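Reading through the structure tokens given below for one structure.
The values are calculated or read from the model by the stated rules, or taken from the named source; none is laboratory data. Source: prediction; values computed, not measured. Every residue, glycine among them, receives a Cβ derived from its backbone with ideal geometry; neighbour counts consider all protein chains shown. The area values use the complete protein model at the heavy-atom level, side chains included, leaving out ligands, DNA and RNA. Shrake-Rupley method; radii C 1.70, N 1.55, O 1.52, S 1.80 Å.
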Amino acid sequence: MNAPAHPVLTQEEAFARIRLLRSPNIGPVSYAMLLQRFGNAGAAIEALPELSARGGRQYRPARVEAIEREVEAVRAAGAKYLFHDQPSYPALLGEIDGAPPILTWRGDVSLLGQPCVAMVGARNSSAAAVKLARDFGAARAEAGFTVVSGLARGIDGAAHEGAFPRTVGVIASGIDIAYPPQHTDLQERIAAEGLLIAEQPPGTEPRGSHFPSRNRIIAGLSLGTLVVEAAVKSGSLITARLAGEAGREVMAIPGSPLEPRSHGCNHLIREGAVLVNSPEDVVELLSGFDGTPRSRFREAASAFDFEPEELANAEPADVASLLTTAPVGIDELIRQSGESTASVQLALLELEIAGRLERHAGGRVSLIA
């Protein structure tokens, strides 16, 4: 998220930002564009009903009372907010498409300023892979890296345990909800000795759609992502794909072709991920990482950058007729409409706020059926 830095974030603006992000149909992309167009969250909230009406629907922002309850719940959990333009917000995370504008955290936020490496893998992992993850986590922490993972059973938990206290746990629930229940003590230890991060509001139980969102944060925080053991269809491979799209290193530990839990790692290597045999391999790959990964697992996703003044002065393009329920790339909409990037993005923003547009990975959009 490339937004201008704010020297001082007032309590009034912080509250308005939380309210803006919690309002219906507002996601990280629309949040960023609204701040670019209107300059502050308060003005953006006032504009939401008009923007939604232009998209064809009535609109009501999040209620003030609901945000007051959320702020109190964050405080009661011993957590704090981290906004996208504050100094502690990690620069690497801010570079990804749809970076989370607001996080809640407990623990040592300075860990985000150190080089991070993600480690993910199977929940139903083998005993050998769990030991490997624990050993790799410890070795990378000793080498000066912060180990990032998702607190799931199996590989995630072992990576956290090996890396203490240099570890960051990213959860798919609210900051006050422990998940999975078996890791309640581990989550509390991470909050006390390492760093615990949540994107969802407090009180939110994890849902299926939250886990890919969590995975993008894990990948976005890190110079590279190492997959230890995973099936071909798993969340770990989603994290690896997201890391590749963000231009980060993608690494995998190979396994036996006779073991289904190794098929995901072997698939990644075949698709261009770097084969890793030892913690030293990871350190060599990521030490002095300059933004050019050796892995060729995925090409970086297309970016649609424009200056804030372009969006502030733009008029929405007529692109609704070009959209269907089948996802299409925003670059294709720009090409077919003949309009500027800012004009097309503004039109998509109005449709999204009205609840008519869905955003997909890889810069694609579609109408909601």
Item to check | Solvent-free Debye scattering, log10 I(q)/I(0), computed from the Cα coordinates of the stretch 323-369 at q = 0.23 Å⁻¹ | outcome: -0.77
Next on the checklist: Defining a contact as two alpha carbons under 8 Å apart and six or more residues distant in sequence, what relative contact order in percent does the stretch 91-163 show?
Outcome noted: 34
Item to check | Packing-based ranking, highest mean first, of 316-327, 128-139 given that Cβ atoms within 10 Å are counted | outcome: 128-139, 316-327
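Per residue, how much accessible area does the stretch 245-288 show when a 1.4 Å probe rolls over the protein heavy atoms, in square angstrom?
Working: 1980 Å² over 44 residues.
Result: 45 Å² per residue.
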Next on the checklist: Ignoring ligands, DNA and RNA, please state the percent of accessible area on the stretch 1-77 from carbon and sulfur, probe 1.4 Å.
Outcome noted: 50
Next on the checklist: With just the Cα atoms defining each centre, how far is the stretch 308-369 from the stretch 155-184? Give it in Å.
Outcome noted: 37
Item to check | Relative contact order [Cα under 8 Å, 6+ residues apart], the chain, whole percent | outcome: 16
Item to check | With Cα atoms, 0 to 90° folded angle of helix 235-245 axis to the chain main axis | outcome: 60
Checklist entry - Carbon and sulfur: what percent of the stretch 312-369's accessible surface (1.4 Å probe)? => result 44
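Ignoring ligands, DNA and RNA, what accessible area per residue does the stretch 158-240 give at 1.4 Å, in Å²?
Numbers: 2730 Å² over 83 residues.
For the stretch 158-240, the per-residue accessible area is 33 Å².
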Checklist entry - Quick one: Kirkwood hydrodynamic radius for the stretch 206-283, alpha-carbon pairs, angstrom, one decimal? => result 12.5
Checklist outcome for this item: Checking the stretch 50-128 for trypsin sites (Lys or Arg not before Pro) in a loop per DSSP with at most 12 other beta-carbon atoms within 10 Å yields Arg63
Checklist entry - At q = 0.12, 0.20 Å⁻¹, what log₁₀ I(q)/I(0) does a Debye calculation on the Cα points of the stretch 121-222 give, no solvent, two decimals? => result -0.34, -0.97
Checklist entry - Given 25 °C and 0.890 mPa s, how large is the Stokes-Einstein diffusion coefficient of the chain in µm²/s, with Rh as the Kirkwood radius over Cα pairs? => result 116
Next on the checklist: Less than 9 Å Cβ to Cβ from Val170, Lys/Arg counted +1 and Asp/Glu -1: what total charge do the surrounding residues give?
Outcome noted: 0
Checklist entry - Measuring from the lowest to the highest alpha carbon on each principal axis, how far does the stretch 29-79 reach, largest first, in angstroms? => result 40, 22, 17
Next on the checklist: No solvent, one uniform scatterer per C-alpha: report log10 I(q)/I(0) for the stretch 231-369 via the Debye equation at q = 0.13, 0.14, 0.20 1/Å, two decimals.
Outcome noted: -0.72, -0.78, -1.06
Checklist entry - Rg to Rh ratio, the stretch 58-108, alpha-carbon atoms and Kirkwood radius? => result 1.06
Next on the checklist: Over the chain, with a Gaussian network built from C-alpha contacts below 10 Å, which listed residue (Gly220, Gly203, Gly174) shows the highest mean-square fluctuation?
Outcome noted: Gly203
Checklist entry - Give or take rounding to whole Å, what are the principal axis extents of the alpha carbon atoms in the stretch 16-107, in descending order? => result 44, 31, 18
